[in-house]
Amino acid sequence: MNSARVDVAVIGAGQAGLSAAYHLQRRGLHYVVLDAEEGPGGAWRHRWRSLRMATVNGISDLPGIAKPAVDPSEPSSEFLTRYFRDYEEELGLAVRRPVKVRSVSREDTDPAGRLAISTSDGEWAAKAVINATGTWTRPFWPIYPGQSTFRGRQLHVADYVSAEEFAGLHVIVVGGGISAVGLLDEISQVTSTSWFTRREPVWRDAEFDARAGHDAVALVEERVRKGLPPQSVVSVTGLIWTPALRAASARGALDRQPMFMAIEPDGVRLADGSLLRADVILWATGFRAELEHLAPLHLRGPGGGIVMDGTRVAAEPRVHLVGYGPSSSTIGANRAGRAAVAAILKLPGVAPAAETVTWG
């Protein structure tokens, strides 16, 4: 089967993928963006409607075109999906969707050769791959004793719609990150909640300034440089108090309990041996990087991580991971997209094209 040939294939069209596409187009490289979604917006297409622009964490402008004026009351899923759509259209970015990438492998043994990309819509061959698949499609579900016996409802943050569906029920929220405390705030306004974490949450009273952000990203970057699985930036920065979270704390919604010992049909068995009855367990336990399609390249080390050199995979210079580890923030994703393109231009045989590919 013949493969469509490009200089660079970008996998994913969220913030990181669109940033990479902008710089590829600007530098005159032949590229394609392969996106599994039905339309623009990346993971923002799936965020719950109650997550509004007033409360969402800071969103950086995409490169080249500033985001329009923000209505704080608009759901982030609507605003950012529209922003990403208009961005793609105004720049004429080469995005193809819906295309699910099944695997990326080496086309031959030549280290300067191409990478073969097998997709739901045909085969591609590229001199380099920029992976920007994020984490939303890989929610992490911990396994706990008795989990399958629970007669109530269990769901992950990825499946959350609104607090109103839990009215009159007792909801257990598990997790110590931003999503957990944000949803505790929301759900505790309509029903009773309990909060469980493995470790005592760390709250940050000091202002989170540019220096603190730089130091946090540096710690995450150090992990991936060593080949360790990346931690979230919030695991380094701690949780930041906001007026809404202080109000939730005053309601008792942020009274954290140590992790329960087991799940039973009617609730959870606490560390002191008592049973806490519950109707819902909401797992706010994070996500893992979506990298399964890269498995044929054997990039992971013994500890499960990938040794990184900036955005480049140390063992495979033709593969760059953006929106991964230290570049998982929106600002970091923009910078990573630019850095990946600059590094790819140094690969043998990669040079700006004299003419532009058009896509039918």
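The values are calculated or read from the model by the stated rules, or taken from the named source; none is laboratory data. What you see is a predicted model; the values in this text were computed from it and never measured. Don't worry about glycine lacking a Cβ; one is built from the backbone with ideal geometry, like all the others, and counts go over all protein chains shown.
Within the span defined as segment 5-16, one or more residues are of a type in the set (Gly, Ala, Ser) and not in a loop (DSSP other than H, G, I, E, B).
Could you check segment 147-173 and list, in sequence order, the residues that are in a loop (DSSP other than H, G, I, E, B) and farther than 15 Å from Trp283 by Cα?
Residues of segment 147-173 that are in a loop (DSSP other than H, G, I, E, B), as a first pass: 150-152, 160-162, 167-170.
Once the filter is applied, which keeps residues that are in a loop (DSSP other than H, G, I, E, B) and farther than 15 Å from Trp283 by Cα, segment 147-173 yields Arg151, Ala167, Gly168, Leu169.
The rows are residues; the columns are (1) surrounded by 16 or more Cβ atoms within 10 Å (Cβ to Cβ); (2) without any contact (Cβ under 8 Å) to a residue 60 or more places away in the chain; (3) within 19 Å of Ala54 (Cα to Cα); (4) among the hydroxyl-bearing types (Ser, Thr, Tyr).
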| site | (1), (2), (3), (4) |
| --- | --- |
| Arg153 | no, no, no, no |
| Ala158 | yes, no, no, no |
| Glu165 | no, yes, no, no |
| Leu169 | yes, no, no, no |
| Gly175 | yes, no, no, no |
| Ile178 | yes, no, yes, no |
| Val181 | yes, no, yes, no |
| Leu184 | yes, no, yes, no |
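One residue stands out in segment 304-316 among those that are part of a strand (DSSP E or B) and in contact with a strand residue (DSSP E or B) (Cβ under 8 Å, 6 or more places away or on another chain): the one that is surrounded by the most Cβ atoms within 10 Å (Cβ to Cβ), namely Met308. Taking first residues from segment 82-111 that are assigned by TED's automatic domain parsing to the domain that holds Leu18 and partners that are of a type in the set (D, E, K, R) and exposed (fewer than 13 other Cβ atoms within 10 Å of the Cβ), the Cβ contacts under 9 Å between residues at least 6 apart in sequence or on separate chains come to Arg97/Glu38; Pro98/Glu38.
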